[in-house]
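Structure first, then comments.
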Amino acid sequence: MRTQLPVAIAFLSGFIMVIAFFVPESNLENFSQNLLTFVTIVGGFTLLLGIVSILRANIQVVKKRGKEWGFKLLLILTLLIMSISSFIWGTHEGTVYHWMFQNMQAPMMSTMFSLLAFFIASAAYRAFRARTKEATILLITSVIVMLGRIPLGQFLWSRLPEYTDWIMAYPNLAVQRGIIIGAALGAAAMSLRIILGIERTYMGRG
Amino acid sequence: MNSASEIFSKLQHIDRRYIFLFIGMAAFLPLIFPLGLPLGVTPSSEDLFNAVENLEEGSVVMLTFDYYPSTLPETEPMSYAALRHLFRKNIRVITLTTIPLGALSVMEGVVKNVAREYNKEYGTDYVNLGYKYGYVAVMLGMGRKISDIFPRDNYDNKLEDLPLMQEVKNYDDVDFLFVVSDNATVDYWVSLVNAQFGLPMGAGVTAVMAPKCYSFLQTGQMVGLLGGMKGAAEYEKLTQNQGRATRGMDPQSIIHLLIIAFIILGNIGYFVSKR
């Protein structure tokens, strides 16, 4: 029963959504719309579940003084401070939550992301060696695109952005399309496997 | 080993701390001493600008804030530029986000600031729907009825009490979709909303996402595209409202040039040492 019921729900939900897409019948459309609303409501609870889960996992480590417990404690404290302040005063402009978000969370996340520039520069210097014919082509292409995507490149040679656009629109797209089509076919196949009950890993087992 | 070959060998193994130092300086100095390099506009940015420019006064545009705070330097200027363009043209705007982490706060800030600049009235000129979990369900559900998915707006008003939302029931009442995103949601806006409901759309995405989005541009599923900070700077230029993205172009130029210089040095070292 624990396996059959989720499979039956997945089958019915998926089947109805597919039929509703192809058959414009009002009762069916109403039902599929209700299902979509239901997804957003259930999703709200999964967010809550995520918070409970992260708290449980980290509290255990802190209690046992496990590896890097200090960071876990910091995580718990910041999670609680942000959550409680948002419940009490809200999240709008002028609130404690908003101040912490604007002045702490957003700069910290942007800083983490911007560190990529340093590591990319270092990695590019080490990795981009014209060792083979293919590596040389990649190297030349990357230099053209890097220069063509900045004002300085255009300043040095006004036609450089045209070549960059050509690279993006043809060789790049030939590869990108293959990836997109492959991923879409994979997603369709996976969806079908879930609807038909062949794929059951979403229940936590194979 | 003679001194020349030693130098070329060293060129291949520059300590990464020096690279970090140079990159840091290249990011910092142009912000203090701007170069003001001339900025060209790519056709994809111009197409997006023209699509918005050609909308009639009073049209309705859905503007999304589908990005995390980590990419704010690239994406937030796009949101500012887009919203300023829309409000300047007296286009009515519905904003929303499908991202749970931080996007709601960013959206509130941007929308309130720009609405204040253009003296726009909430509920009539713009509505902020806020965030709702499950972007696939949200995108599909709004195609039939927006109020099914968002019964209330971000400020807990009932949608039926807002004059703008009394006119806008679903995508049929929206004239254009402007997505600003740093993740795969843009693919779903294309495949679910543009493809299934025929809503014309354009997008502003981070530089790493732009190569993928070119395929949607070429097929006509997107009318225009802003790629990374340069795309944002181009839109700022087109809307004659130069801001953070334009200022960010100088550091980006110098950093790109510096990376190329390091790559060339490394290759010179590699080839000379090989001989």
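Numbers below:
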| read-out | value |
| --- | --- |
| Summed side-chain charge close to B:LEU31 - residues other than B:LEU31 whose Cβ falls under 10 Å, Lys, Arg +1, Asp, Glu -1 | 0 |
| Inverse mean reciprocal Cα-Cα distance (Kirkwood Rh) of the range B:43-242, Å | 16.3 |
| Given chain A, longest segment not containing exposed loop GluC sites (Glu not before Pro) (DSSP; at most 14 other Cβ within 10 Å) | A:94-206 |
| Whole-number percent relative contact order across the range A:1-89, with pairs defined as alpha carbons under 8 Å at least 6 apart | 14 |
| Cα pair distances of the protein assembly as shown binned at 10 Å [whole percent] | 4, 16, 25, 25, 19, 8, 2, 0, 0 |
| Peptides ranked, highest mean first, by Cβ atoms within 10 Å: ranges A:30-41, B:83-94 | B:83-94, A:30-41 |
| GluC sites (Glu not before Pro) within the range B:119-205, DSSP loop, no more than 15 other Cβ atoms inside 10 Å | B:GLU121 |
| Sparse-neighbour loop sites [trypsin sites (Lys or Arg not before Pro); the range A:1-94; at most 16 other C-beta within 10 Å; DSSP] | A:ARG2, A:LYS64, A:ARG65, A:LYS67 |
| Loop-resident sites, the range B:22-106, for GluC sites (Glu not before Pro), counting at most 14 other Cβ within 10 Å (DSSP) | B:GLU56, B:GLU57 |
| Given B:LYS132/B:LYS169; B:LYS112/B:LYS145; A:LYS133/B:LYS274, the pairs whose alpha carbons are separated by over 19 Å | B:LYS112/B:LYS145 |
| Folded to 0 to 90 degrees: helix B:72-88 orientation relative to chain B principal axis, Cα | 40 |
| Neighbour-count ranking [beta-carbon atoms within 10 angstrom, fewest first] of A:ILE137, A:ILE194 | A:ILE137, A:ILE194 |
| Shielding of A:41-54 by partner chains, average beta-carbon count, 10 Å | 2 |
| Neighbouring partner chain Cβ atoms per residue of B:40-50, average, 10 Å criterion | 2 |
| Principal axis dimensions, the range A:1-124 - Cα atoms, whole angstrom, descending | 54, 43, 39 |
| Summed residue charge, Cβ within 13 Å of B:ASN183's Cβ, Lys/Arg positive, Asp/Glu negative | -3 |
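Read-outs throughout are calculated quantities, based only on the coordinates presented, and are distinct from any laboratory measurement. Bear in mind that the values here come from a model prediction, so they are computed numbers and not experimental data. Glycine also receives a Cβ, built like all others from the backbone with ideal geometry; neighbour counts cover every protein chain displayed.
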